[in-house]
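Below: one structure, written as structure tokens.
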Amino acid sequence: MDLFDAADDLHFGDLHITNDPETGLQAIVGLHSLELGPAIGGCRLYRYSDSDAALRDVMRLARGMTYKAAISNLPHGGGKAVIVEPEDYDEEDRRQMFAKFGQFVDSLGGDYITCEDVGTRVDDMNVVHNHTDHVLGYDPDAGSSGDPSPFTAYGVRRGIEAAAKFRWDRDDLEGLHVAIQGVGSVGYYLAGELHELGCELTVADVDDDAVDTCVAEFGARRAEPGDILAVDCDILAPCALGAVINDNSLPQLNCEVIAGAANNQLAEARHGVELRERNIDYAPDYAINAGGLINVAQEYRGYDEQTARKKTSAIYDTVLQILQRASRESVPTNLVANRIVEERVYGQALA
Ligand code: NAD
């Protein structure tokens, strides 16, 4: 990978790298854009095969955060941190590593605000907080925003309501059939919300217990994981994996709307074009699943659950605006979402 070519392609931004032999910390902070405010993004701890893999990941993830914050009207840019997980370490080594990481974050003077991500935990953020104020989600007992999943689920529900308004001119979801792929943290909360609103549910998960819970609590029907994308339903809500909309799954789809929490649902951008050709309304993933980010960003201003919920509720307007503009301009919704972001961040859509 040529670093500067990759940076140009992604319209990056700054990269900050630290290597601390004493604690073993090898970390990269990617600041994709600070145009709209300080960058918020999680810190990922992962055993990368080499520094190229870590760089590629941090740049891709940081760019994603710029888009998610901007589409949600947050006064924040996009950033992310990755820490290369050492081969061998114990809890004390981990503590030392995150202490050093806290100093690293602090040295960036507030341009980057960190939080949990894949591989990191609340107690890591507690250690980080001993060394910097630029950290969120560090102590749920001290009024922090806590588990983001219920907020993400609430935002997805609001996005589904917007899609129902656009597609069927409906103000309620009563009787609509939603198929949910993955009923883990977000999928479970989403199933609960939709059940309350009178939806019929079909759910699938590789974890049988998770499905049993939804059958018992919400009267959901069970589907096999291999069949869920083909279920005849009104709305498909992918809440498990990325890249589920691909060349193999597209011909099987039997829904009118796709609206779920999973990140990177389209295997490639061209699959958004195919969804449009098949007359399936797709709520772009990073717009509909931003509830967790909106919630944690609220913590930066002094956490208040009611305000966070109100701001998450506005995902309805965001998704409706995207669907309406896509229809007006006859372009796929994923492209429209990118255009809206780029107009906000750069003053014009990028090529
Ligand atoms: P999770 O790990 O709690 O739940 C995912 C569920 O999907 C698990 O129950 C898992 O068993 C199931 N699953 C895995 N493979 C499957 C398959 N092939 N078929 C059916 N089910 C399968 O994760 P989560 O926090 O609920 O997040 C779900 C998705 O939403 C992820 O893509 C995540 O990146 C995205 N997301 C989550 C949040 C959040 O606040 N947690 C925010 C934004 C985006």
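The values are calculated or read from the model by the stated rules, or taken from the named source; none is laboratory data. Just so we're clear, the structure is a prediction, and the values are computed from it rather than from any experiment. Here the Cβ is made from the backbone with ideal geometry for all residues, glycine too, and neighbour counts use every protein chain on show. Heavy atoms of the whole protein, side chains included, go into the accessibility calculation; ligands, DNA and RNA do not. Shrake-Rupley method; radii C 1.70, N 1.55, O 1.52, S 1.80 Å.
Assorted remarks:
- Exposure ranking of Glu85, Glu22, Glu277 by accessible area [1.4 Å probe, largest first]: Glu22, Glu277, Glu85
- Each principal axis of the Cα cloud of region 181-322 was evaluated for its coordinate range; sorted largest first, these ranges are 46, 38, 24 Å.
- Were the residues from Ala230 through Ser327 laid out at 0.36 nm apart, the gain over their Cα-Cα distance would be 32.4 nm.
- The overall shape of region 179-222, judged from the alpha-carbon gyration tensor, is prolate: a/c is not under 1.5, and a/b is greater than b/c.
- The 3J(HN,Hα) values that the Karplus relation (6.51, -1.76, 1.60; θ = phi - 60°) gives for region 114-131 are, in residue order, 9, 7, 5, 7, 3, x, 10, 10, 4, 5, 5, 5, 4, 5, 4, 5, 5, 10 Hz. Gly and Pro appear as x.
- Of Leu10, Leu190, Leu74, Leu34, the order by accessible heavy-atom surface (1.4 Å probe, DNA, RNA and ligands excluded), from most exposed downward, is Leu34, Leu10, Leu74, Leu190.
- Counting only lysines at least 8 places from Lys311 when in the same chain, those with an alpha carbon closer than 19 Å to its own are Lys68.
- When only Cα pairs below 8 angstrom with a gap of at least 6 residues are kept, the chain shows a relative contact order of 15 percent.
- Burial order of peptide ranges 54-66, 119-131 (average beta-carbon count within 10 Å, highest first): 54-66, 119-131
- Across the chain, the volume of the C-alpha convex hull divided among the residues equals 142 Å³ per residue.
- Residues whose amide H lies under 5 Å from that of Glu116, counting only those 5 or more places away or on a different chain, are Cys43; hydrogens are built 1.01 Å from N in the peptide plane.
- Region 7-104: chymotrypsin sites (Phe, Trp or Tyr not before Pro) in DSSP loop, at most 15 other beta carbons within 10 Å: Tyr89
- For region 208-217, 3J(HN,Hα) per residue [Karplus equation, 6.51 cos²θ - 1.76 cosθ + 1.60, θ = phi - 60°, Hz, x = Gly/Pro]: 4, 4, 5, 5, 3, 4, 5, 5, 5, 7
- The chain - charge dipole about Cα centre, Lys and Arg +1 at Cβ, Asp and Glu -1, debye rounded to 20: 1320 debye
- Interchain or long-range residues, amide H under 5 Å from Ile258's placed H: Leu236, Asp281, Tyr282, Ala283
- Fully extending the segment from Ala351 to Asp20 would add 115.2 nm, taking 0.36 nm per residue of separation and subtracting the current Cα-Cα distance.
- Distant-in-sequence amide H partners of Ile180 (H built 1.01 Å from N, under 5 Å): Thr202, Val203, Ala204, Ala237
- Residue order for Lys310, Lys100 - accessible surface, 1.4 angstrom probe, largest first: Lys310, Lys100
- Karplus-based coupling profile of region 252-261, in residue order and whole Hz: 8, 4, 9, 10, 9, 9, 10, 8, x, 8, with θ = phi - 60° in 6.51 cos²θ - 1.76 cosθ + 1.60 and x standing for Gly or Pro.
- Estimated 222 nm signal from helices in the chain, with DSSP H stretches of n ≥ 4 weighted -39500 (n - 2.57), rounded to 500: -14000 deg cm²/dmol
- FRET efficiency estimate (nearest 0.05) - Cβ-Cβ, Arg47 to Glu92, R0 25 angstrom: 0.80
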